[in-house]
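Taking it in order: structure first as structure tokens, then the write-up.
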Amino acid sequence: MICETNEDHTKWMRRAIFLASLGKNTTSPNPKVGAVILDKNGKLISEGFHYKAGMPHAEAMAFSNLKKDAKGGSMYVNLEPCCHQGKTPPCVDKVISSGIKKVYISIKDPDKRVSGKGIKLLKEAGIQVHVGLCRKESFNLNKDFIYRNISKKAFGVLKWAMSIDGRIGLKNGKSKWITNEESRSLVHSFRAEFDAIIIGGNTLRQDNPLLTTRGKKKPEPLRVVFTKSLDLPSKCNLWDCSKGKTLVIYDSSTANEKFLTNIPQCVEVEKVSSDNPELISKILAKRGCNKVLWECGPRLATAAIRANCIQEIITFIAPKILGGENNMNPFGDFEFKEMNEIIELSDSQVSLIGNDICVKSALKN
Ligand SMILES: NC(=O)c1ccc[n+]([C@@H]2O[C@H](COP(=O)([O-])OP(=O)(O)OC[C@H]3O[C@@H](n4cnc5c(N)ncnc54)[C@H](OP(=O)(O)O)[C@@H]3O)[C@@H](O)[C@H]2O)c1
């Protein structure tokens with residue numbers, strides 16, 4: 001007889017979550033999923049994880065890695081197994097035909113094509129299904145995928161770098177460099193977690209950024225410029241498509257389309273009907289971007305927060321003083337009249353990067 005404790009179940013589910021996290025920068029638009037298979041005696045006989053859309057799902061990979069018969073065994077998986085034919089066959093069928101007796105699922109799949117149907121099919125096949133182990137960890141791992149599925153918008157993270165007196169640049173637009181080299185290099189690695197990086201037209205004109213991971217992610221995240229004027233330079237780093245794909249989104253109600261000739265053919269261009277940042281968030285979600293990084297200046301950042309496009313923020317704070325009333329703030333005026341209107345952040349995590357401080361927080365929206 002096998003003796004199973006709650007700790008055993010948690011241990012195996014945590015293993016599935018760890019395996020899922022190995023697909024951290026590569027699975028979009030799909031979720032991060034890991035699966036563990038135990039034999040009927042509770043011994044680990046296989047595991048797998050989803051690496052990339054179009055490649056086998058975690059459960060399928062675990063079945064193809066099987067060292068022994070799974071009949072009578074159990075499976076731990078951090079997300080409900082799929083029951084629809086996508087780029088790969090439904091995982092539920094594989095679980096049922098394997099003879100597995102128990103399936104531990106951490107959370108339901110928010111994708112409408114699955115959402116409880118996978119669980120139902122497993123139960124109908126006589127499999128014992130348990131849902132809810134390590135729910136919080138699983139939710140955190142896939143919060144971007146879950147957010148996109150529910151809201152139809154990309155999960156947005158806003159990042160900026162500022163001095164200790166809260167300035168992001170001088171009034172003449174100069175801002176290179178506020179933070180130290182270590183922080184800047186960390187930003188390159190950290191961009192690899194994102195499917196797209198967004199700036200406004202003015203940041204493009206002022207900073208001429210590259211917006212790449214410097215080769216840490218292949219392909220590089222999509223580089224997105226949002227512009228109301230389309231008055232973009234004919235030469236800039238973002239037009240070099242050998243470094244990464246670029247998409248220009250412009251507001252057709254205000255843009256001067258004569259500037260389209262400044263943009264090379266390799267750059268994609270899409271028009272929208274207003275300057276509401278929510279439109280970008282929706283376009284990118286539709287393209288399969290789960291998580292996007294807003295690296296814009298104060299005006300677009302303020303508009304993006306107002307439009308509920310930002311779910312988390314990351315601030316790099318350098319021990320430097322820029323001073324000056326007219327030097328740049330991270331945000332424009334939200335026009336709050338009462339303290340109970342101000343934006344509150346939660347779940348802050350603080351780390352030191354050399355002499356810089358990095359604060360990550362969530363927005364309550
Ligand atoms: N320290 C940092 O972390 C950091 C980060 C980013 C930027 N910056 C600095 O910020 C400065 C640029 O600031 P910015 O506020 O002008 O930033 P931005 O990132 O260029 O955003 C503003 C631009 O976005 C476009 N846009 C589209 N929809 C908009 C909307 N609803 N509201 C506002 N803008 C919209 C417009 O482009 P068009 O003008 O093309 O129509 C507008 O000029 C630069 O000097 C840059 O160095 C600093």
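The values are calculated or read from the model by the stated rules, or taken from the named source; none is laboratory data. It should be emphasised that the depicted structure is a prediction, and the values quoted were computed from it without experimental measurement. Cβ coordinates were reconstructed from backbone atoms using ideal geometry, including for glycine residues, and neighbour counts include every protein chain displayed.
Looking at the range 1-22 only, could you name the residues that are modelled with pLDDT under 95 and outside any helix (DSSP H, G or I)?
Met1, Ile2, Cys3, Glu4, Thr5
State whether one or more residues within the range 59-71 are touching a Leu at 6+ places or on another chain (Cβ under 8 Å) and not in a strand (DSSP E or B).
No: zero hits.
Give Lys67, Lys52 a once-over and let me know the one that is at pLDDT below 95, surrounded by fewer than 24 Cβ atoms within 10 Å (Cβ to Cβ) and within 19 Å of Ile146 (Cα to Cα).
Lys52
Mind checking which residues of the range 230-245 are surrounded by 14 or more Cβ atoms within 10 Å (Cβ to Cβ) and either in a loop (DSSP other than H, G, I, E, B) or among the basic types (Lys, Arg) (or both)?
Scanning the range 230-245 gives Leu230, Asp231, Leu232, Pro233, Cys236, Asp240, Cys241, Lys243, Gly244, Lys245.
This table checks each residue for (1) in contact (Cβ under 8 Å) with a residue 24 or more places away in the chain; (2) part of a strand (DSSP E or B); (3) within 24 Å of Leu230 (Cα to Cα); (4) not aromatic (Phe, Trp, Tyr).
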residue	(1), (2), (3), (4)
Ile150	yes, no, no, yes
Leu158	yes, yes, yes, yes
Gly166	yes, no, no, yes
Ile199	yes, yes, yes, yes
Arg205	yes, no, yes, yes
Leu211	yes, no, yes, yes
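What pairs come out if I take residues in the range 171-187 that are within 16 Å of Thr203 (Cβ to Cβ) and pair them with residues that are among the acidic types (Asp, Glu) and within 9 Å of the ligand (Cβ to nearest atom) whose C-beta lies under 8 Å away, six or more apart or interchain?
Every condition considered, the pairs that remain are Ser175/Asp207; Lys176/Asp207.
Could you list all residues from the range 262-276 that are β-branched (Val, Ile, Thr) and either touching a helix residue (DSSP H, G or I) at 6+ places or on another chain (Cβ under 6 Å) or in contact (Cβ under 8 Å) with a residue 24 or more places away in the chain (or both)?
Those that are β-branched (Val, Ile, Thr) and either touching a helix residue (DSSP H, G or I) at 6+ places or on another chain (Cβ under 6 Å) or in contact (Cβ under 8 Å) with a residue 24 or more places away in the chain (or both): Ile263, Val267, Val272.
Restricting to strands (runs of 3 or more DSSP E) lying wholly in the range 73-131: which have 1 or more residues that are of a type in the set (Gly, Ala, Ser) and buried (at least 20 other Cβ atoms within 10 Å of the Cβ)?
Per the criteria, 74-79, 102-107.
Could you give every pair whose Cβ atoms fall below 9 Å, whose first residue belongs to the range 8-24 and is more than 13 Å from Ser138 (Cα to Cα), and whose second residue is in a helix (DSSP H, G or I) and not hydroxyl-bearing (Ser, Thr, Tyr), counting only separations of at least 6 or pairs across chains?
What qualifies is Gly23/Ala58.
Can you find even one residue in the range 342-357 that is assigned to a helix (DSSP H, G or I) and either within 14 Å of the ligand (Cβ to nearest atom) or among the charged types (D, E, K, R) (or both)?
Within the range 342-357 (the criterion being assigned to a helix (DSSP H, G or I) and either within 14 Å of the ligand (Cβ to nearest atom) or among the charged types (D, E, K, R) (or both)), the answer is no, since none of the residues qualifies.
Please verify whether Phe334 is surrounded by 11 or more Cβ atoms within 10 Å (Cβ to Cβ), in contact (Cβ under 8 Å) with a residue 60 or more places away in the chain and more than 28 Å from Asn30 (Cα to Cα), treating the condition exactly as stated.
So Phe334 fails the test.
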